[in-house]
Ligand SMILES: O=C(O)CCC(=O)C(=O)O
């Protein structure tokens, strides 16, 4: 794995990790698209309601409930494919993951705004582990403060990206739109959530109507994208 380090940031990038595991990424992507129930939740960002600019699916162990804008997001059960991926990652990293957010970017207009995965319900001692399937997209990183330069990691089909602590505390990441990209990409982020705090923190944020910062709505998830190539 390639180590990418900056002050406060620690990433491990494994290009083609899924292929190295002997998996057929095209078949896997197809199976996930067909077998999961994909949602496009209504979210409030800077006081305005709109649909997230991507599709999502929340997969978790029982009890890891996820509430957004007053609606409890349905928990999709672990499928055979997802359980297999979880097992492989647990073996590699020695971490027990209890939840997974899948993001489905239908084309280059779908995107994710700047954010850190630092919600109180997440175990901040555990890494956030991402797998990518489909067309390559840039995941950009920028420091929350200080003068370190922003940079991007190009995530291609089959890539693994481990974001180790304390990266989420000091850096943000985003998946910007790309006008020329017409193909689809799936991203899976495996997480460790603390079940007792999950409902409370998300529902409080939603009821206050503050700029969303949860795992499903990001500042920058605005309805009209400025797509750039
Ligand atoms: O699509 C990606 O690579 C990033 C996903 C992400 O930032 C997230 O799920 O929090």
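Of note:
- Residue 138 paired with residue 109, simple spin-label distance in nm, labels 7 Å along Cα-to-beta-carbon: 2.1 nm
- Anisotropy class of region 2-208 from Cα gyration tensor, a/c 1.5 cut: rounded
- A straight chain from residue 1 to residue 184 at 0.36 nm per residue would run longer than the Cα-Cα distance by 63.4 nm.
- In nm, spacing of pseudo-spin labels at residue 46 and residue 83 (7 Å Cα→C-beta vector): 4.4 nm
- Each peptide in 175-185, 52-62 was scored by the mean count of other Cβ atoms within 10 Å over its residues; highest first, the order is 52-62, 175-185.
Read-outs throughout are calculated quantities, based only on the coordinates presented, and are distinct from any laboratory measurement. Everything numeric in this text was worked out from a predicted model, so none of it was measured. All Cβ positions, even for glycine, are placed from backbone atoms using ideal geometry, and neighbour counts span all protein chains on display.
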